[in-house]
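Colleague: Sending over a structure as structure tokens; questions will come in a sec.
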Amino acid sequence: MARYSVAMPQDQTLPDLWLLSDGRNDDKLETALAAMPRGNAFVFRHYHLAAGERRKRFDELAEIARSRDHLTVLSGDAEQGIEWGADGIYGPPTNLGKREGLMRFATAHSAREVLLANRNGADALFLSPVFPTRSHPGGACLGVSLFRELAARSQIPVIALGGMTATRAKEMNWPRWAAIDGLS
């Protein structure tokens, strides 16, 4: 699969595995990107870095991701996504804007956000947290039942996020899932 240069058609299959970056998995990302099967996806977040350092780290990791034919998504706005050469952007459904040539991935944690992602024409949504996570220790999670209920309201593909691992995805029988720790 080549790097995406335009929005993916609705009938095209999205990657199944989505690795998200975070300050705590930074030292494992090169290995994790290389270990993932070809043609999956990488979401660069790295909120902990200053602007210049963040751009430099994105470029380093995007090169590895693209060498493995992974979709490369930036947590940022459309202008930044275009400027940085990302395949898509990731964020709250109200912050994605509309820009030709960029896929848009919404984050959702509630029925309201699922509705907003539908209305705003996102290409897919990350619904979370399904299970307890290290990102939000002690925070509430959806659980499998509420996750499925909210996912059923989505008119776009849903990617499970939050405490996900290959075992949990298999137990849930959910094809698309994302992780920080579960893939690094």
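Colleague: Going Cα to Cα from K98, which lysines come in below 26 Å? Please leave out same-chain ones fewer than 8 positions away.
Modeller: Within the straight-line limit of under 26 Å, K98 reaches these lysines: K56.
Colleague: What residue among N118, N25, N173 shows peak mean-square fluctuation when the chain is described by a Gaussian network model with Cα springs under 10 Å?
Modeller: N173
Colleague: Quick check: pseudo-label points 7 Å beyond the Cα along Cα→Cβ at R99 and A34, how many nm apart are they?
Modeller: 3.1 nm
Colleague: For region 91-156, give the percent of accessible area contributed by carbon and sulfur heavy atoms, probe 1.4 Å, rounded to a whole number.
Modeller: 51 percent
Colleague: Distance between Cα centroids, region 34-89 to region 128-184: provide it in whole Å.
Modeller: 22 Å
Colleague: If each of H48 and V144 carries a label point 7 Å out from its Cα toward its Cβ, how far apart are those two points in nm?
Modeller: Here the modelled spin labels are 3.2 nm apart.
Colleague: Based on Cβ point charges of +1 for Lys and Arg and -1 for Asp and Glu, what charge dipole magnitude is obtained for the chain about its Cα centre, in debye rounded to the nearest 20?
Modeller: 340 debye
Colleague: Rank P92, P129, P137 by mean-square fluctuation in a GNM of the chain with C-alpha springs under 10 angstrom and give only the top-ranked residue.
Modeller: Maximum fluctuation in the GNM of the chain, among the listed residues, is at P137.
Colleague: May I ask you to derive the FRET efficiency for Q155 and S135 from their Cβ-Cβ distance with R0 = 35 Å, giving the value to the nearest 0.05?
Modeller: With R0 = 35 Å, the Cβ-Cβ based efficiency is 0.85.
Colleague: For a quick check, take a GNM of the chain with Cα springs below 10 Å and name the residue from L146, L17, L71 with the largest mean-square fluctuation.
Modeller: The residue that fluctuates most here is L146.
Colleague: In sequence order, what are the phi-derived ³J(HN,Hα) couplings for region 107-123 according to the Karplus relation 6.51 cos²θ - 1.76 cosθ + 1.60 with θ = phi - 60°, rounded to whole Hz, with x for glycine and proline?
Modeller: For region 107-123, the Karplus-derived couplings read 9, 9, 10, 8, 4, 4, 6, 4, 4, 5, 4, 4, 5, 8, x, 4, 7 Hz, x marking Gly and Pro.
Colleague: Another question, then. Is there a quick way to get the dipole size of region 34-109? I mean about its Cα centre, with the Cβ of Lys and Arg at +1 and of Asp and Glu at -1; what is the value in debye to the nearest 20?
Modeller: It works out to roughly 180 debye.
Colleague: Using helices alone, what [θ] at 222 nm do you get for the chain, with -39,500 (n - 2.57) per DSSP H run of 4 or more residues, divided over all residues and rounded to the nearest 500?
Modeller: After summing the helix terms and dividing by the residues of the chain, the value is -9000 deg cm²/dmol.
Colleague: Enter the accessible area per residue of region 8-83 (Å², integer; probe 1.4 Å; all protein chains in place).
Modeller: Per-residue accessible area for region 8-83 comes out at 47 Å².
Colleague: Over all directions, the average projected area of the alpha-carbon convex hull for the chain comes to how many nm²?
Modeller: Mean shadow area of the hull around the Cα atoms is 9.6 nm².
The values are calculated or read from the model by the stated rules, or taken from the named source; none is laboratory data. Note that this is a predicted model, so its numbers are computed, not measured. Cβ atoms come from the backbone with ideal geometry, glycine included; neighbour counts cover every protein chain shown. Just so you know, the surface numbers come from the protein's heavy atoms only, side chains and all, with ligands and any DNA or RNA stripped out. Shrake-Rupley method; radii C 1.70, N 1.55, O 1.52, S 1.80 Å.
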